[in-house]
Amino acid sequence: MSNIQHIKTIHAFHRSRALPPPRHPLISVVDYADVHLAPENMGVSWVFDFYSISLKRNLHGKIKYGQQEYDFDEGAMFFISPGQVFSIQADPETSIQKSGWILLVHPDFLWNSILSKNVKRYEYFDYSVHEALFLSDKEENIITGITQNMKEELRENIDKFTQQIIISQIETLLNYADRFYHRQFITRKISSHQILDRLEELLTDYFNSDELASKGLPTVQFISDSLNVSPGYLRSLLKILTGRNTQQHIHEKLIDKAKEKLSTTDLSISEIAYELGFEHPQSFSKLFKTRTHLSPLEFRHSFN
């Protein structure tokens, strides 16, 4: 991706957005209305060396992550981890006042705390920006209240308690976001079930094609790319709606196809294994027995 701007510090972020220097070098809460991005930086791709958690309204433009674009005219919350690439393309003709906030946290701020390790369990940092979190008014008030508490803490005289107090508030914010994402997977049933339907169609087409024998089982990354969602988002959505992750869905479709071949053809176990993309028949037999509690041969005999 061409023309990538790498922002290594929160101080550099403030400078690039025409903001006054941050009160703390490793954490900052910014009013989105105060952020000004120079016209020449519109459409530029960015990479941060720190976490960015934000709630934005009235952006009137597009945020792009990888090859996916998302229209952020309505308020939404999204999470960017260090090293992710994204870009912003705002509409310069809009006169509506943008609003919201941005919480910037450098990994060094979390050093030597439990959150420094636990932050990786919040999978939504691996979601694409088009998989944003949409908050109800009540949820937004909760999240914004926590953020304002951090902002007030940074306005006070920074002392030995500041770091731990703010880290506990960050963890609370992340836990609420986890809860609200869980709610979103359930309440946005139409879009969620559309993904499930597309997943089922994709797996069916793949397992009925010649690609299975030539390329092997589809990978989680292949499935995610084909559905235009990030692996983490798809894993979380499937886990909540079906109780199974992406890999388990792939294996379930594989077992269904194996059962079909075992019960309707005279192919040997090895031939079926190779047609299903396995290099070694033993690996197929082991997976089949793990999932069905029968060996492929025992399953075939059950039909005779």
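Structure notes:
- Computed E for Ser209/Ser268 - FRET, C-beta separation, R0 25 angstrom, nearest 0.05: 0.70
- The modelled label-to-label distance for the pair Lys8/Leu297, using points 7 Å beyond Cα in the direction of Cβ, is 6.3 nm.
- Amide H to amide H, with H built 1.01 Å from N, Ser45 comes under 5 Å of Gln5, counting only residues 5 or more places away or on other chains.
- For region 227-235, 3J(HN,Hα) per residue [Karplus equation, 6.51 cos²θ - 1.76 cosθ + 1.60, θ = phi - 60°, Hz, x = Gly/Pro]: 8, 6, 10, 7, x, x, 5, 5, 4
- Estimated distance in nm for a label pair at Ile186 and Ile165, the labels positioned 7 Å out from Cα along Cα-to-Cβ: 3.5
- When all alpha carbon pairs of region 140-276 are counted in 5 Å bins from zero, the resulting P(r) reads 2, 8, 15, 14, 11, 10, 9, 8, 6, 5, 4, 3, 2, 1, 0, 0 %.
- Local net charge near Leu262, Cβ-Cβ under 12 Å (Lys/Arg +1, Asp/Glu -1): -2
- The string of couplings for region 16-22 from the Karplus curve (6.51, -1.76, 1.60, θ = phi - 60°) is 6, 10, 6, 10, x, x, x Hz, one whole number per residue in order, with x for Gly and Pro.
- Phi to ³J(HN,Hα) by Karplus 6.51 cos²θ - 1.76 cosθ + 1.60 over region 133-146, Hz, x for Gly, Pro: 9, 9, 9, 6, 4, 5, 5, 4, 5, 5, 5, 5, x, 5
- log₁₀ of I(q)/I(0) at q = 0.23, 0.25, 0.26, 0.27 Å⁻¹ - region 202-275, Debye sum with one point per alpha carbon: -1.04, -1.16, -1.22, -1.27
- Per residue value of the accessible surface for the chain (all protein chains in place, 1.4 Å probe), Å²: 52
- Working note: Cα gyration tensor of region 145-201, eigenvalues times five, square-rooted, sorted largest first, giving semi-axes of 39, 10, 7 Å.
- Two-site FRET efficiency, His36 against Lys239, from Cβ-Cβ distance with R₀ of 35 Å, rounded to 0.05: 0.30
- Amide proton proximity set for Ala76, modelled H, under 5 Å, gap of 5+: Lys56
- Shown here: semi-axes √(5λ) of the Cα gyration tensor in Å, derived from the displayed model; of the candidates (1) 46, 21, 17; (2) 30, 24, 21; (3) 32, 23, 17, it corresponds to (1).
- Sulfur and carbon atoms: percent of accessible area, the chain [1.4 Å]: 49
- With the simple spin-label model, which puts each label point 7 Å out from Cα in the Cβ direction, the Leu154 to Leu202 separation comes to 3.7 nm.
The values are calculated or read from the model by the stated rules, or taken from the named source; none is laboratory data. As the structure is a computational prediction, the values presented were derived from the model and not from experiment. Virtual Cβ from ideal backbone geometry, glycine too; neighbours counted across all protein chains shown. Remember, those area values only see protein heavy atoms, side chains included, never the ligands or the DNA or RNA. Shrake-Rupley method; radii C 1.70, N 1.55, O 1.52, S 1.80 Å.
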